[in-house]
Amino acid sequence: EMALKNSKSVHYFNADDGASHQRRLTITRRLEQALIDNQLSLYYQPKQHLQNGQVRSCECLLRWIDNGEFISPGEFIPIAERSGLILLLGEWVLDSAFKQVKHWYSEGREVQVAINISARQFLQPGFTESIERRLKEYQVPPSLIELELTETSIMDNHQLASEVLVELRKLGVSLSIDDFGTGYSSLAYLSAFPVDKVKIDRSFVSQMVDAPKQQAIVLTICQLAHNLGLQVIAEGVETDSQRELLHQYGCDYLQGYLFARPAPASEVSVLFN
Ligand code: C2E
Ligand code: MG
Ligand code: MG
Ligand code: MG
């Protein structure tokens, strides 16, 4: 309880720290309860096509308010990954996202929703089948479902990952590599993976206007992706100058506060055209 109330003074990411260990246990326990009590929600952040302005897709992001306190997925997702709770959490996210896609689809809106998938969830036996089952159950076109896998989760186990990606691809869902550029990217592997898109990590985008090196990285990722026949999306776009450069580089999609913040489905619906 104390750890939560004094959360600002807790060092979340120091594994040897007693306080952070306590915090992790507390988070795990309360998150499990929140899942049971249906206290989690999904926010949706639209993506805009940079060249033609169309808005037809979004990313869903998990939100958790614990007794009035917002807890960031950047904190609780890694904890849930360690405890294994991510598997249950991941199931909940998939069902909620599919439900939303179905809802929009039934209103005549073909909105593609990108769902973040943890490595553990993705590499779990039966993951592909669980997607296949939901496509049947919810009756949504597979092209409206996108799965975002982080670069690290693919590269850490590239053999198995590649097999799973091939199976998922056969279902017709879209696949993207999240946080691209932050892991130890192997270009050789990138060309071998059957993915559709790469997402340039926010850390490069946020520095690109003033830092020539970050700018070079962003440009290179755009060119590399296009040369491999993949689409590129930039995350964390906050300024017009960033947008301008990305447009020049031929980046396909933009996602960030400049265009829209993540919000409940009912609020973002109006942005799709
Ligand atoms: P991510 O998948 O890379 O998601 C992008 C993050 O950047 C989100 O943070 C989003 O709110 C934030 N963002 C978007 N535009 C901007 C911007 O212009 N400026 C800034 N400063 N931030 C921006 P969020 O929602 O806190 O999520 C953090 C991470 O938690 C996600 O990174 C993802 O790795 C993970 N996550 C969130 N929801 C889920 C989920 O349902 N399942 C799994 N496995 N992971 C999730
Ligand atoms: Mg993502
Ligand atoms: Mg990302
Ligand atoms: Mg990121």
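Relative contact order (percent) for the range 191-273, with alpha-carbon contacts under 8 angstrom and 6 or more residues of separation? Relative CO of the range 191-273 lands at 29 percent. A convex hull fitted to the Cα coordinates of the range 9-139 yields 151 cubic angstrom per residue. With Cα atoms defining each centre, the range 163-180 and the range 207-273 are spaced 21 Å apart in the structure. The amide H of L175, built 1.01 Å from its N in the peptide plane, has L147, D196, K197 as neighbours under 5 Å, considering only residues 5 or more places off or on other chains.
Sorted largest first, the principal axis extents computed over the alpha-carbon atoms of the range 57-206 equal 42, 40, 33 Å.
The label-point distance for D156 and I36, in a model that sets each label 7 Å from Cα toward Cβ, rounds to 2.8 nm. In Å, what Kirkwood hydrodynamic radius results for the chain from the alpha-carbon pair distances? In the chain this quantity evaluates to 19.5 Å. Taking amide H positions as modeled 1.01 Å from N, with prolines and chain starts lacking one, the residues under 5 Å from N116 and 5 or more places away or on another chain are C60, E148.
The range 21-75 and the range 78-118 have their alpha-carbon centroids 10 Å apart.
Close amide H partners of A234, meaning residues 5 or more places away or on another chain with modelled amide H under 5 Å apart, are I200, Y253, L254, Q255. Projecting the Cα atoms of F122, Y138, M155 onto the charge dipole of the range 98-253, computed from C-beta unit charges around the Cα centre, puts Y138 farthest toward the positive end.
In percent, rounded to a whole number, the relative contact order of the range 101-240 is 19, using alpha-carbon pairs under 8 Å and six or more apart.
Each Cα pair under 8 Å and six or more residues apart adds its sequence gap; the mean of these over the residue count of the range 221-260 is a relative contact order of 46 percent. Which FRET efficiency value, to the nearest 0.05, do you get for R120 and Q215 by plugging their Cβ-Cβ distance into 1/(1 + (r/R0)^6) with R0 = 30 Å? So the FRET efficiency works out to roughly 0.30. The local environment of R109, defined by Cβ-Cβ distances under 15 Å, has a net charge of +1 under the rule Lys, Arg +1 and Asp, Glu -1. At an R0 of 35 angstrom, the distance between the Cβ atoms of S191 and R82 translates into a FRET efficiency of 0.65. May I ask you to derive the FRET efficiency for Q51 and D95 from their Cβ-Cβ distance with R0 = 30 Å, giving the value to the nearest 0.05? Efficiency for this residue pair is about 0.35.
FYI, it's all coordinate maths here, none of it is from the lab. A quick note: this is a predicted structure, and the numbers were derived from the prediction, not measured. Every residue, glycine among them, receives a Cβ derived from its backbone with ideal geometry; neighbour counts consider all protein chains shown.
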